[in-house]
Every structure is written in structure tokens, then in C-alpha cells.
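Enquirer: I am attaching a structure below and will ask some questions about it afterwards.
The values are calculated or read from the model by the stated rules, or taken from the named source; none is laboratory data. Quantities reported herein were computed from a predicted structural model and do not represent experimental measurements. Reconstructed Cβ throughout: ideal geometry from the backbone, glycine too, with neighbour counts over all protein chains shown.
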Amino acid sequence: LGIDFVASPRHADGVIVTGPVTRNLEAAVRRTYEAVPEPRIVIAVGACASSGGIVGQSYASAGGVASVLPVDVFIPGCPPRPEAILFGILVAIGRLEARRGPPRANP
């Protein structure tokens, strides 16, 4: 699949969020997203990341990641099935490749 874990968001193609965004982490989530170079993708994995889950939006939680970042792919489930996660990642990779455009030929 060409998936690698990297030490810095500056070397990443996107962000995968797996839980609700707490108010304490809201700024850190935004900074992480902004550090990822364009074009970038955001994947919300599971009900908590998609909508805030049972926590929802409250004094302590901003809710789902879509309230903080533009989300490209929502993967439903609590927990989501492994096949759904894989399918969502493949969809996100396809969207990322479409944004990058056709590869340039080497001279």
C-alpha cells in the first residue's frame, strides 16, 4: 500500500484521527494538520472521530474532527471493521493521488 509511519507531520501525506477532539488538544490537532504539506488528507476512523461518539460536543470536547479540520473520508463503526478501515484508507489514497495529478516524466 505504500503506508509508512513517520516521526513528523512534515513528512506525512495526511492525518488519521481515531477519537473525539478534546478542547485541550484542539490547537495541537490544528497545528499537526497545518504541518502536513499540501495536498493532504484527513481520515476520521470510527464514530468518536466522526461525530464525537458518546462524548459528543461538550465543555470538554469539540466533538468529531470535522468540527476542527476538513475531513476527506469518514469510516463508520464503533469500532469500525478492519475491512472498512482498509477501504477508507484506499479511498483516501485515491483522493490524494487525484489531487496530486499525473506523475511528471523525468527529463
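Enquirer: From 84, 98, which residue is of a type in the set (A, V, I, L, M), surrounded by fewer than 18 Cβ atoms within 10 Å (Cβ to Cβ), modelled with pLDDT under 95 and more than 18 Å from residue 21 (Cβ to Cβ)? It would help to see each step written out before you state the result.
Expert: Values: 84 fails: modelled with pLDDT under 95.
Going through 84, 98 in turn, the sole match is 98.
Enquirer: Which ones in the stretch 74-103 are outside any helix (DSSP H, G or I) and more than 16 Å from residue 39 (Cα to Cα)?
Expert: Residues satisfying the conditions are 74, 75, 76, 77, 78, 79, 80, 81.
Enquirer: Within the stretch 1-40, how many residues are assigned to a helix (DSSP H, G or I), of a type in the set (A, V, I, L, M, F, W, C) and surrounded by 14 or more Cβ atoms within 10 Å (Cβ to Cβ)? Working first, answer last.
Expert: Step one: list which residues in the stretch 1-40 are assigned to a helix (DSSP H, G or I), which gives 9-11, 23-35.
Filter again for of a type in the set (A, V, I, L, M, F, W, C), leaving 25, 27-29, 35.
In the following step, the residues that additionally are surrounded by 14 or more Cβ atoms within 10 Å (Cβ to Cβ) were identified as 25, 29, 35.
Residues meeting the conditions: 3.
Enquirer: State which residue is nearest to the chain's Cα centre (by Cα) when the search covers only the stretch 1-56 and only residues that are more than 20 Å from residue 77 (Cα to Cα) and among the small types (Gly, Ala, Ser).
Expert: 14
Enquirer: From the list 66, 44, 62, 49, which one is among the hydrophobic types (A, V, I, L, M, F, W, C) and out of contact with any strand residue (DSSP E or B) (no Cβ under 6 Å at 6 or more places or on another chain)? Don't jump to the end; show me each part of the working.
Expert: On the way: 44 fails: out of contact with any strand residue (DSSP E or B) (no Cβ under 6 Å at 6 or more places or on another chain); 62 fails: out of contact with any strand residue (DSSP E or B) (no Cβ under 6 Å at 6 or more places or on another chain); 49 fails: out of contact with any strand residue (DSSP E or B) (no Cβ under 6 Å at 6 or more places or on another chain).
Of 66, 44, 62, 49, the one residue that is among the hydrophobic types (A, V, I, L, M, F, W, C) and out of contact with any strand residue (DSSP E or B) (no Cβ under 6 Å at 6 or more places or on another chain) is 66.
Enquirer: Among the numbered criteria (1) within 27 Å of residue 11 (Cα to Cα); (2) over 17 Å from the mean Cα position of the chain (by Cα); (3) free of Cβ contacts under 8 Å to residues at least 24 places away in the same chain, which one does residue 100 miss?
Expert: With (1) within 27 Å of residue 11 (Cα to Cα); (2) over 17 Å from the mean Cα position of the chain (by Cα); (3) free of Cβ contacts under 8 Å to residues at least 24 places away in the same chain applied to residue 100, the lone miss is (3).
Enquirer: Let me ask another. Mind counting the residues in the stretch 41-73 that are of a type in the set (A, V, I, L, M), surrounded by 20 or more Cβ atoms within 10 Å (Cβ to Cβ) and in a helix (DSSP H, G or I)?
Expert: 3
Enquirer: OK, next. If the Cβ limit is 9 Å and pairs must be 6+ apart or interchain, which residue in the stretch 21-37 that is closer than 14 Å to residue 6 by Cα pairs with which residue that is acidic (Asp, Glu) and modelled with pLDDT under 95?
Expert: What qualifies is 36/13; 37/13.
Enquirer: With the requirement that a residue be free of Cβ contacts under 8 Å to residues at least 40 places away in the same chain and of a type in the set (Val, Ile, Thr), what does the stretch 41-70 give you? Walk me through how you get there before you give the answer.
Expert: Here is the first cut: in the stretch 41-70, the ones free of Cβ contacts under 8 Å to residues at least 40 places away in the same chain are 42, 44, 46-60, 66, 70.
Once the filter is applied, which keeps residues that are free of Cβ contacts under 8 Å to residues at least 40 places away in the same chain and of a type in the set (Val, Ile, Thr), the stretch 41-70 yields 42, 54, 55.
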